[in-house]
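Below is one structure, written out as structure tokens; comments come after it.
The values are calculated or read from the model by the stated rules, or taken from the named source; none is laboratory data. Being a predicted model, the structure only gives us computed values, none of them experimental. With ideal geometry, Cβ positions are generated from the backbone for all residues, glycine too; neighbour counts draw on all protein chains shown. Keep in mind that these areas ignore ligands, DNA and RNA; they rest on the heavy atoms of the full protein, side chains included. Shrake-Rupley method; radii C 1.70, N 1.55, O 1.52, S 1.80 Å.
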Amino acid sequence: MNYIITISREYGSGGRFIGRLVAEKLGIAFYDSELLTKASDLTGISKNCLENYDETKESAFSYAQGLYGMDMSIGQKVFLAQFETIKKIAASESCVIVGRCADYVLKDNTNVVKVFICAPMEDKINRAVQYYKINPNKAQSIISKKNKKRRSYYNFYTDKEWGKPDSYDLCINSKNGIETAVEAICAYTKRRFGME
């Protein structure tokens, strides 16, 4: 049986690193930006277009165009392309999927572990400065804006609230370290699917 681990994460929490290490440890595929390449291959929408609208809520104007125009807006097409790609991946292989409302897309699947990764602001700032080379003086503002954007996107396309604990199987604060988070997710997944 395939199993999927979805990782929703605050910017700077280390969610992507955690997801990649979980996939390596369990010997399964990992999808983050790789999902965009797969979505482009499956749908014919250019990867550049997918990247421009990736995890971005549309403006009210573009949403209205999609509702009242002859066709869906580009943002809606991108969301649906990712939606279909996530469904196809989940049906064909075990993997870790980071972001892109994957926990919501796979809400009816019983073989999904839904994880949310958070961290204290100080930790997020340190990671943003170290890994993304963000100016330390602007880091907190950038982190807050990125997380607001993620929340807005998730809440717009789902009937759930981003980061609300009852939407997830595990909520992990990465302040105790990336490896600790990886171990917790792997242990939970193995026990849940009888892999011990």
Per q in 0.14, 0.24 Å⁻¹, report the Debye log10 I(q)/I(0) for the range 98-193, using one uniform scatterer on each alpha carbon and no solvent.
-0.62, -1.30
On a full-extension model of 0.36 nm per residue, what is the gain between Glu93 and Ser141, subtracting their alpha-carbon distance, rounded to one decimal in nm?
13.5 nm
Axial C-alpha extent at least 20 Å, average Kyte-Doolittle at least -0.5 - helices from the chain (DSSP):
74-92, 178-192
Ignoring any ligand, DNA or RNA, what whole percent of the accessible area of the range 78-196 comes from carbon and sulfur when the probe is 1.4 angstrom?
48
Radius 14 Å from Cβ of Tyr168, net charge of other residues (Lys, Arg +1; Asp, Glu -1)
+1
For the chain, Kirkwood radius (reciprocal of mean inverse C-alpha pair distance, Å)
17.4
For the range 80-150, state the semi-axes of the equivalent ellipsoid (square roots of 5 times the eigenvalues of the alpha-carbon gyration tensor), sorted largest first and rounded to whole angstrom.
31, 12, 11
With +1 assigned to the C-beta of every Lys and Arg and -1 to the C-beta of every Asp and Glu, and no other charges, what is the dipole magnitude of the chain about the Cα centre in debye, to the nearest 20?
460
